[in-house]
Amino acid sequence: MEISEKYSPTQIEDKWYDYWIAQDYFHSEPDSREPYTIVIPPPNVTGVLHMGHMLNNTIQDVLVRRARMQGKNACWVPGTDHASIATEAKVVAKLAAEGIEKNSLSREQFLEHAWEWTHKHGGVILKQLRKLGASCDWARTCFTMDEVRSQSVIEVFVDLYNKGKIYRGVRMVNWDPAARTAISDEEVIYREQQGKLYFLRYNVVGESGAVVVATTRPETILGDTALCVNPEDPRYQSLKGKSVVVPLVGRQVPVIMDPYVDMEFGTGALKVTPAHDVNDYMLGEKYNLEVIDIFNDDGTINDRVGLYAGTDRFELRRQIETDLDAAGLLEKVENYINKVGCSERTGVPIEPKLSMQWFLSMEQMARPALEAVMEGTIAFHPSKFKNTYRHWMENVKDWNISRQLWWGHRIPAWYLPSGGFVVARTEAEALELARAKSGDGELQTGDLRQDEDVLDTWFSSWLWPISVFDGIRDPGNRQIEYYYPTNDLVTAPEIIFFWVARMIIAGYEYRGREPFRNVYFTGIVRDKQGRKMSKSLGNSPDPLDLIEQYGADGVRLGMLFTSPAGNDLPYDDSLCEQGRNFGNKIWNAWKLICSWRVDPALEQSDNNRQAVEWFEAMMDRTLGEIERHFDAYRISEALMAAYKLFWDDFSAWYLEMVKPAYGSPIDAPTLESTKALMERLMQALHPFMPFLTEEIWHQIAPRRDGESICITRMPVAGPFDQELLARVTLVQEVITAIRNIRKQHNLPGREAIVLQVVVDDNYHPRHDPLLIKMGNLSRIERVESKPADAAAFMVKTTQYFVPLGRKADTSAELARLQGELDYHEGFLRSVEAKLANERFVGSAPAKVVENERAKQADAQAKIAAIRRQIENL
């Protein structure tokens, strides 16, 4: 068979992916088979492939390909997310580069630019996933703002509003001044920053004294409407019923007393700014304080107070320190490290801000979703994330679902000219409801004003497992009934609240059951210094460059070698190199097999027959291990089991066992068995490395057009002879020892040698053919004791000798044996100490104690044999 000298991934990957697509192998429709469904975590529509995507989608593809080969109707639904904040920011930046300000455009004009940007850059990441080998059902590709998904989002909003679960109100929200929108608590990340603690003087009205207040945000004094102290604090008893003057501002504000104040922090006195601190807001409501909002939406100061209008908040912080000091109102400044809440999307510090927003009431909806995970209906892998999930769900807050953006699903609420609003699916329906609500039959659509805000991006993606099968608009359709609930979700733990929890909530709200049965949490891909890979740090390689260099299969393996569920992946290019080397190992093994010349008249030798029997048993045992690893979602471990089966057992041992002598032919039964074993190995490895396995599978035997390894049945573990494996393991240890002796005594590998053995129960003569072939032995002799001038070794309790004649170095051999004796005597002492411990013997399981006694007997036998060998020398 003609086979190229080197394996070239670039030559075969496009060929086979195009073949799979042409044959429509990845498309699924409901039928009588068991479904296996995964929905892709939709990446940003204008995003590009990064290392996190590579890990996540490799795992998904492994699961989907394996299910397809198990005969299941595998359906992997791809799609993208409209990513309101991120996409709008990119469009705004693009317009700014062209000299166009967003505020100079109408909403409709801006959305034209946004859609143009989306159509130009959208979907790139899905095309890139094809390079990785992702076996998605591309015909099902969805977008969170396509017609079906958009209508589903609006339907859910209207439904939840009509159920009384969505409401509108003024609340303290997290305001992102860069994106100019509110964001949810889950979108705020806290970063430790070096800041300052400013000690300000609030003069007491009508007195000469002052109260010193410590704050990290002196710019917010513009919105101060009270000063608060603890009623139990003896330092401030004289302030009861008095007022103080806000520094620089000149506003007189009351002193209130409330146990909320921590007497130990700072000076024990607290400035109260109800508009810009959530705790201050609660104090403001309790004591009916004035609320003064001092910020514009972009984080600059408004003209509400008449000071510093138009100044950026951080510039004001610097300026106000100077002004306070000049006015004699700054007591001191200290360095201070504190945690600052920042926007997860833009990275800027958020501002607590009172704002009219839309909210979804979560407490009642969260209950069945909490029970589903805690009672095991949905399994987390690893399970440690159950505690994280439970803590959040037990303390869930209402979800702020409105965003002050233009790109996204516009909130379907219309305001009436006479006041109030209606919620409707369409403008026509809104007009009908508005006429009924107002009693004005003359109202026209032009009289109504639709809410300007859009919905949080997650409000569309929380419906993803349902909406991709049109289960919101058409809840009884064949697709949703067949594919839902999905099987596995592969995602990152950092979006357990943003997405995972909310999908479970939506699943129970709209389908009455879980949206998926298992959640596999990936880790974070980190560099050698432990830093998260990111473009901003410049430590993240381009995945497409890696595929170009190492091949898709090599990169896939590199991502999986050290990535157990929930644990971070310490990435290094050497992992992909290891993956590529494994591909080369497989190619070279196949090339070796193809080089063998078969003699049809040649009978199968005992050596070859035993080798085939052994590897068949080894494969069945390993297939069982792989199945158990997959059942427990130990995907990295499943790969390593398959990797070792091929590299160690097949390539290093089996092929050497059956390889004919140079220039000699091989018997037909052994060659056919070897090809059959190679085919099973390719099938077992296919989910991990689809391209190379497809190429070799097509070379193993003639294939018809339309055939593919990806739709063959995955080999399953059968019964195997455990005793056979144990016996051959001993044979392998003997062969390894013989090779070591050859190396120690400079005995050429091509020179046939004699092996002598003192026969006992751990020696199995039936495997002499394997020993003779692999050890390059001229014969095996049975002896009663160690002959002179021989190198000795033991395997289990069996003594072996290699006669050396004049080549023997008695002193070196004595030193080696003494070293072995010292080791085994030390080992025996440790075992006997354990067995002498009554507590251990009394409390340990009987099997554990039995194993220790077996170790003791084994060590005693080896020690006795070594001592005899020393005496003979």
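Things worth noting here:
- Scanning the range 146-169 for residues that are of a type in the set (Lys, Arg) and either over 18 Å from residue 399 (Cα atoms) or in a helix (DSSP H, G or I) (or both) yields a single hit, 149.
- Residue 800 at pLDDT 85 or above, of a type in the set (Ser, Thr, Tyr) and closer than 25 Å to residue 752 by Cα: yes
- In this structure, residue 284 does not satisfy being farther than 23 Å from residue 192 by Cβ, at pLDDT below 95 and exposed (fewer than 14 other Cβ atoms within 10 Å of the Cβ).
- Residues of the range 452-484 that turn out to be touching a residue at least 60 places away in the same chain (Cβ under 8 Å), over 14 Å from residue 148 (Cα atoms) and either open to solvent by less than 10 Å² (accessible area, probe 1.4 Å) or among the hydroxyl-bearing types (Ser, Thr, Tyr) (or both), as a count: 8
- Scan the range 663-715 for residues that are among the basic types (Lys, Arg), touching a Phe, Trp or Tyr at 6+ places or on another chain (Cβ under 9 Å) and either under 18 Å from residue 586 (Cβ atoms) or crowded, with 21+ Cβ neighbours inside 10 Å (or both) and the total you get is 0.
- Candidates 815, 864 - the one that is over 21 Å from residue 733 (Cβ atoms) and either of a type in the set (A, V, I, L, M) or free of Cβ contacts under 8 Å to residues at least 12 places away in the same chain (or both): 815
- Taken together, 66, 33 contain a single residue that is within 30 Å of residue 630 (Cβ to Cβ), open to solvent by 30 Å² or more (accessible area, probe 1.4 Å) and touching a Gly at 6+ places or on another chain (Cβ under 8 Å), which is 33.
- Any hit, the range 247-254, residues being open to solvent by 60 Å² or more (accessible area, probe 1.4 Å), at pLDDT below 95 and under 14 Å from residue 228 (Cα atoms): no
- Meets criteria (surrounded by fewer than 16 Cβ atoms within 10 Å (Cβ to Cβ) and part of a strand (DSSP E or B)) for residue 315: no
Per-residue answers, yes or no, for (1) basic (Lys, Arg); (2) at pLDDT 95 or above; (3) touching a Lys or Arg at 6+ places or on another chain (Cβ under 6 Å); (4) over 18 Å from residue 686 (Cβ atoms):
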site	(1), (2), (3), (4)
6	yes, no, no, yes
31	no, yes, no, yes
43	no, no, no, yes
51	no, no, no, yes
60	no, yes, no, no
63	no, yes, no, no
85	no, no, yes, yes
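- With respect to (1) under 29 Å from residue 173 (Cα atoms); (2) open to solvent by less than 10 Å² (accessible area, probe 1.4 Å), the lone exception for residue 211 is condition (1).
- Scope the range 480-499; condition in contact with a Pro (Cβ under 6 Å, 6 or more places away or on another chain) and not in a helix (DSSP H, G or I); matching residues: 485, 486, 491
- When 87, 58, 46 are screened for being open to solvent by less than 10 Å² (accessible area, probe 1.4 Å) and either part of a loop (DSSP other than H, G, I, E, B) or within 26 Å of residue 531 (Cβ to Cβ) (or both), only 58 passes.
- The single residue among 642, 661, 601, 638 that is farther than 20 Å from residue 774 by Cα, without any contact (Cβ under 8 Å) to a residue 60 or more places away in the chain and in a loop (DSSP other than H, G, I, E, B) turns out to be 601.
- Checked against (1) in contact (Cβ under 8 Å) with a residue 24 or more places away in the chain; (2) open to solvent by 10 Å² or more (accessible area, probe 1.4 Å); (3) not in a helix (DSSP H, G or I), residue 621 passes all but condition (3).
- Applying the criterion of being outside any helix (DSSP H, G or I) and β-branched (Val, Ile, Thr) to the residues of the range 266-279, the residue that is most open to solvent (accessible area, probe 1.4 Å) is 267.
- Enumeration of residues in the range 730-755 that are open to solvent by 20 Å² or more (accessible area, probe 1.4 Å) and more than 49 Å from the chain's Cα centre (by Cα): 745, 746, 748, 750, 751, 752, 754
- Residues in the range 170-180 that are at pLDDT below 90, in a strand (DSSP E or B) and open to solvent by less than 30 Å² (accessible area, probe 1.4 Å): 173 only.
- Put simply, of 799, 869, 860 the only residue that is open to solvent by less than 60 Å² (accessible area, probe 1.4 Å) and assigned to a helix (DSSP H, G or I) is 869.
- Of the residues making up the range 774-781, one or more are open to solvent by less than 70 Å² (accessible area, probe 1.4 Å), touching an Asp or Glu at 6+ places or on another chain (Cβ under 9 Å) and in a helix (DSSP H, G or I).
- Residue match in the range 406-421 (condition: in contact (Cβ under 8 Å) with a residue 12 or more places away in the chain, surrounded by 20 or more Cβ atoms within 10 Å (Cβ to Cβ) and within 30 Å of residue 63 (Cβ to Cβ)): no
- Listed by first and then second residue, the pairs linking a residue in the range 826-837 that is over 12 Å from residue 849 (Cβ atoms) to a residue that is surrounded by 11 or more Cβ atoms within 10 Å (Cβ to Cβ), with Cβ atoms under 7 Å apart and 6 or more places separating them unless they lie on different chains, are 827/859; 828/856; 828/859; 828/860; 828/863; 832/856.
- Check on residue 165, more than 30 Å from residue 305 (Cβ to Cβ), touching a residue at least 40 places away in the same chain (Cβ under 8 Å) and open to solvent by 30 Å² or more (accessible area, probe 1.4 Å): yes
- Among residues of the range 495-515 that are touching a residue at least 60 places away in the same chain (Cβ under 8 Å), those with a beta-carbon under 8 Å from a residue that is basic (Lys, Arg) and in a loop (DSSP other than H, G, I, E, B) at least six positions away or on a different chain give the pairs 507/513.
- Those residues of the range 104-136 which are surrounded by fewer than 21 Cβ atoms within 10 Å (Cβ to Cβ), of a type outside the set (A, V, I, L, M) and in a loop (DSSP other than H, G, I, E, B), in sequence order: 106, 122, 123
- Residue in the range 229-248 that is nearest to residue 263 (Cα to Cα), counting only those that are of a type in the set (Val, Ile, Thr) and either without any contact (Cβ under 8 Å) to a residue 40 or more places away in the chain or in contact with a helix residue (DSSP H, G or I) (Cβ under 6 Å, 6 or more places away or on another chain) (or both): 229
- Qualifying residue in the range 196-205 (condition: of a type outside the set (Lys, Arg) and open to solvent by 20 Å² or more (accessible area, probe 1.4 Å)): yes
The values are calculated or read from the model by the stated rules, or taken from the named source; none is laboratory data. The structure presented is a predicted model; accordingly, all values stated were derived computationally and were not measured. Note that each Cβ is placed from the backbone with ideal geometry, even for glycine, and that neighbours are counted across all protein chains shown. Quick note on the areas: whole protein, heavy atoms, side chains included, nothing else; ligands and nucleic acids left out. Shrake-Rupley method; radii C 1.70, N 1.55, O 1.52, S 1.80 Å.
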